[in-house]
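Notes for the one structure printed next.
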Amino acid sequence: MDAEETAPQILLDRLTKGQFAKPIDLAECLFFDLETTGLSGGAGTYPFLLGFGFYEAKRFKVVQYFLPDFGRDYYAFKEIIPLLEGKNILISFNGKSYDFPLLKTRAILNRFTIDLDRFRHLDLLHLSRRVWKDSQESCDLASIEREQLNIRRSGDIPGYLIPAAYLRFIRNEVIHEMIAVIQHNRQDIISLNKILFTLSAINQSPEVLNDGKALMRLAKLAFEINDYDYFFQVEKQLLKIQGEHHPEFKLLLSFFLKKQGNWQKACALWESLVAHQSYSFVALEELSKAHEHVFKDYQKALEYSARALKMYGTLQQLNPYSVKSAWKTAFLQRYERLKCKIS
């Protein structure tokens, strides 16, 4: 079945943290999704519908293998093996923990010597969480479709009802539910393709997002992988949609500037964060450390530690559970050490 034409180059180097550092060749990709008799996996779970998507002549195609009763997956595997030729990347949604192990188990039980471990596996659930975990209540496929792809399924059968529907088909040959299951599986495969392109666009240009929470997650990712260019792309988009920096972003930006050795700008950001209770102790600690170790201004470093201790005492009186005792211990040690240096 034709689903949609091919799209621009796929890049996921940032979102995969370098696991897929080079552009992904769509011709090497095999998308897959299984419908099974249970949701727990294991040798007793039977995949009765195996769906695959791949690119052929610049068109995305979906093929499905439906098994009308138990014990027929041997014949399905005979058909699947040619699909694996020339493919090097498996793409799934939560397939690493469920579909892929089941596929390997059924291949072994049917005595097929398929080296499935040679494939690189790209699980889009993990990348989706990396972007939208704070933006959505759930990052399941249905939520991603609804919130990010604007896909509204009509007459769809929920995934948790599929095992029971297949058992009813086996017992009573009720076909209409199986038609719904096949359509459900086909849409899953098509959605995998769309999610891949969406994530690739985000990976290359955070400007495609208007979601502040998702952009904050990308900022944290850029910081983690030391990608300065991407970090400041995210900053530009955040300013565009929010008008000013959130304190959490300011803290992240300050640490990026610290990594770059831009101490003056980093200190200016920490000074602006002292007034925010959630970030005040971190800001005062960084200011004290910078003045002690970088500027060698021990008196100024001592003053920041003293401010932190005074703030700690005030907050503890107002609400003993609002501050961590570890902060007091750390600042006391720093305060005493600085007093010794000055004397």
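Figures for the structure shown
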{"read-out": "Cross-chain or 6+ apart pairs with Cβ under 7 Å, the stretch 82-104 first and more than 13 Å from Y46 (Cα to Cα), then part of a strand (DSSP E or B) and open to solvent by 30 Å² or more (accessible area, probe 1.4 Å)", "value": "N88/R120; I89/R120"}
{"read-out": "Selection within the stretch 158-173 - buried (at least 16 other Cβ atoms within 10 Å of the Cβ) and over 17 Å from F70 (Cβ atoms)", "value": "G159"}
{"read-out": "Residues of the stretch 88-109 that turn out to be surrounded by 16 or more Cβ atoms within 10 Å (Cβ to Cβ) and assigned to a loop (DSSP other than H, G, I, E, B), as a count", "value": "2"}
{"read-out": "Residue that is most open to solvent (accessible area, probe 1.4 Å) [pool: residues in the stretch 115-140 that are closer than 19 Å to N185 by Cα and of a type in the set (D, E, K, R)]", "value": "D140"}
{"read-out": "Condition broken by P247, with the remaining ones in (1) modelled with pLDDT under 95; (2) open to solvent by 30 Å² or more (accessible area, probe 1.4 Å) satisfied", "value": "(2)"}
{"read-out": "Failed item, numbered, when Y279 is tested on (1) under 31 Å from the mean Cα position of the chain (by Cα); (2) open to solvent by 60 Å² or more (accessible area, probe 1.4 Å)", "value": "(2)"}
{"read-out": "2 or more residues under 27 Å from D211 (Cα atoms) and touching a residue at least 12 places away in the same chain (Cβ under 8 Å): qualifying helices (runs of 4 or more DSSP H) within the stretch 224-343", "value": "228-242, 247-260, 263-273, 280-289"}
{"read-out": "Matching residues in the stretch 174-210 - criterion: being closer than 19 Å to E147 by Cβ, part of a loop (DSSP other than H, G, I, E, B) and open to solvent by 40 Å² or more (accessible area, probe 1.4 Å)", "value": "N210"}
{"read-out": "Residue among A306, A268, A290 that is aliphatic (A, V, I, L, M) and either more than 26 Å from E244 (Cβ to Cβ) or touching a Gly at 6+ places or on another chain (Cβ under 6 Å) (or both)", "value": "A306"}
{"read-out": "Lone qualifier among Q136, Q148 - being of a type in the set (S, T, N, Q), over 22 Å from L90 (Cα atoms), within 16 Å of the chain's Cα centre (by Cα) and assigned to a helix (DSSP H, G or I)", "value": "Q148"}
{"read-out": "Meets criteria (open to solvent by less than 40 Å² (accessible area, probe 1.4 Å), out of contact with any helix residue (DSSP H, G or I) (no Cβ under 7 Å at 6 or more places or on another chain) and touching a residue at least 40 places away in the same chain (Cβ under 8 Å)) for S143", "value": "no"}
{"read-out": "Top-ranked residue of the stretch 56-87 - restricted to ones that are under 20 Å from I182 (Cα atoms) and acidic (D, E), ranked as most open to solvent (accessible area, probe 1.4 Å)", "value": "E79"}
{"read-out": "Counted residues, the stretch 61-76 - those being of a type in the set (D, E) and assigned to a loop (DSSP other than H, G, I, E, B)", "value": "1"}
{"read-out": "Flag for I144 being modelled with pLDDT of 95 or more, touching a His at 6+ places or on another chain (Cβ under 8 Å) and aliphatic (A, V, I, L, M)", "value": "no"}
{"read-out": "Whichever residue in the stretch 3-27 is outside any loop (DSSP other than H, G, I, E, B), farther than 23 Å from R129 by Cα and touching a Phe, Trp or Tyr at 6+ places or on another chain (Cβ under 7 Å) and, among such residues, is modelled with the highest pLDDT", "value": "A27"}
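The values are calculated or read from the model by the stated rules, or taken from the named source; none is laboratory data. Since this is a predicted model, take the numbers as computed values, not measurements. All Cβ positions, even for glycine, are placed from backbone atoms using ideal geometry, and neighbour counts span all protein chains on display. With ligands, DNA and RNA removed, areas are computed over all heavy atoms of the protein, side chains included. Shrake-Rupley method; radii C 1.70, N 1.55, O 1.52, S 1.80 Å.
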